[in-house]
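Shown next, in structure tokens, is the structure this report addresses.
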Amino acid sequence: MAALFKSLLVLLFAGCAGLAQAAEPALLTRQVPGRSLDEVTERLTQAIASHNYTFVRQQAIDSRMVPVEWEAKSVRIVYFCNFNKMDAALRGDLRTTQVMPCRITLIESDQGVELVVVNPAWISEQWNAPELQPHCLQLKQDYLAILEETSL
Amino acid sequence: MKTFLLAFTLTAATLQAGASPLSASKAGSMQTALDDLSLALANHGYHLVKVQPIDQALLKRGFSDPGIRIAFVGREEQVRQALDADPALLNLLPMRLTLENDHGQVRISSDDLAQWRESRPSAGKVLQQWEDELAAILSDYAGP
């Protein structure tokens, strides 16, 4: 009986570890129907500013990899950051560079524009650094708020 | 007690599985590192898309210098490869490399593609190719 209990305990711990890894989705997405890439980029830029982030730049996904006239017109990346948060994150752990600067990928289709972000809380789950997880969860919430405002 | 230790070890091992960013370092300045990285990228058909001077940006705003720059790199075919294998991979492009200036050594490290490979097995082949290319680039950077 004791052996069975011990085995169950081991499985429970291992299972919890697996659940912890699977808890966060890899990507955060929002669909903005009926709007063009330029319109959504403009809305996104405003949402970035209203959440105390600084717009850094936007580019085609293949910018500087192909001649300008060949660049993809339907996939764009917008970069932004909050320098206070960046400084705090880097003081905590240099692995946080894997989630900076903030970037959102915009993909235009017949249905509208899809906004996609790599979830920083998913990235940080792999670091085995519980002290960093609250920062990444906050960053995730900021992303969600920006996506939400952009999609209104 | 042994059971607890075994359970703890299993938990820690499971949590750490897959965390394997690539890295290489050598002596030199940040500028030299960027020059050498550019050459290494070109040797493997990659382009240096953009350098984000985090160090200068923070210094300019009154923060301390973290000694960090981020380089975005890629090659033309990666967009098509991502679309064919799994459009989610577009979010990795251009790929990110972190340059860290640490007492005269500049260490360059990649994002953790193993984590992506584990979560998107159908794109594993493409991700492995990209990881192999980054490993070759970093090996070139580090030199003999």
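The values are calculated or read from the model by the stated rules, or taken from the named source; none is laboratory data. Nothing here was measured: the structure is a model prediction, and the numbers come from that model. Every residue, glycine among them, receives a Cβ derived from its backbone with ideal geometry; neighbour counts consider all protein chains shown.
Condition first: without any contact (Cβ under 8 Å) to a residue 12 or more places away in the chain and either surrounded by 19 or more Cβ atoms within 10 Å (Cβ to Cβ) or not aliphatic (A, V, I, L, M) (or both). Now tell me which residues in the range A:66-84 satisfy that. Give the steps one after another, and end with the answer.
At the first step, the residues of the range A:66-84 found to be without any contact (Cβ under 8 Å) to a residue 12 or more places away in the chain are A:66-71, A:84.
Residues satisfying the conditions are A:Pro67, A:Glu69, A:Trp70, A:Glu71, A:Asn84.
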With the condition kept exactly as written, say whether any residue in the range A:104-114 is facing chain B (nearest Cβ under 8 Å), surrounded by 21 or more Cβ atoms within 10 Å (Cβ to Cβ), in contact (Cβ under 8 Å) with a residue 24 or more places away in the chain and within 19 Å of B:Asp112 (Cβ to Cβ).
yes
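Return yes or no: is A:Phe5 more than 30 Å from B:Ala82 (Cα to Cα) and at pLDDT 95 or above?
Numbers: more than 30 Å from B:Ala82 (Cα to Cα): yes; at pLDDT 95 or above: no.
Answer is no for this residue.
Part of a helix (DSSP H, G or I), out of contact with any strand residue (DSSP E or B) (no Cβ under 8 Å at 6 or more places or on another chain), within 10 Å of chain B (Cβ to nearest Cβ) and surrounded by 17 or more Cβ atoms within 10 Å (Cβ to Cβ): does that describe A:Arg91?
Values: part of a helix (DSSP H, G or I): yes; out of contact with any strand residue (DSSP E or B) (no Cβ under 8 Å at 6 or more places or on another chain): yes; within 10 Å of chain B (Cβ to nearest Cβ): yes; surrounded by 17 or more Cβ atoms within 10 Å (Cβ to Cβ): no.
The answer is no for A:Arg91.
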Name the residue that is farthest from A:Ile77 (Cα to Cα), counting only residues in the range B:107-122 that are crowded, with 21+ Cβ neighbours inside 10 Å and among the small types (Gly, Ala, Ser).
B:Ser109
Only residues that are touching a strand residue (DSSP E or B) at 6+ places or on another chain (Cβ under 6 Å), closer than 24 Å to A:Val66 by Cβ and assigned to a helix (DSSP H, G or I): list them for the range B:25-62, please.
B:Ser38, B:Leu41
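Rundown of residues vs (1) in contact with a strand residue (DSSP E or B) (Cβ under 8 Å, 6 or more places away or on another chain); (2) in a helix (DSSP H, G or I); (3) closer than 21 Å to B:Leu58 by Cβ, yes/no style:
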| site | (1), (2), (3) |
| --- | --- |
| A:Glu42 | no, yes, no |
| A:Ile48 | yes, yes, yes |
| A:Thr105 | yes, no, no |
| A:Val117 | yes, no, no |
| A:Pro130 | no, no, no |
| A:Cys136 | no, yes, yes |
| A:Leu139 | yes, yes, yes |
Given the conditions (1) modelled with pLDDT of 95 or more; (2) under 30 Å from B:Phe63 (Cα atoms), which single one is not true for A:Met100?
(1)
Might you let me know whether the range B:108-127 holds any residue that is outside any loop (DSSP other than H, G, I, E, B), away from chain A (no Cβ under 13 Å) and of a type in the set (A, V, I, L, M)?
yes
Can you tell me which residue within the range B:89-106, out of those that are crowded, with 19+ Cβ neighbours inside 10 Å and farther than 16 Å from A:Asp62 by Cβ, is nearest to the other protein chains (Cβ to nearest Cβ)?
B:Thr98
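Among B:Asp65, B:Asp84, which is the only one that is among the acidic types (Asp, Glu), assigned to a loop (DSSP other than H, G, I, E, B) and more than 15 Å from the chain's Cα centre (by Cα)? Lay out the reasoning, then the answer.
On the way: B:Asp84 fails: assigned to a loop (DSSP other than H, G, I, E, B).
The conditions single out B:Asp65.
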Quick test for you: out of B:Arg61, B:Arg69, pick the one residue that is basic (Lys, Arg) and in contact (Cβ under 8 Å) with a residue 24 or more places away in the chain.
B:Arg69
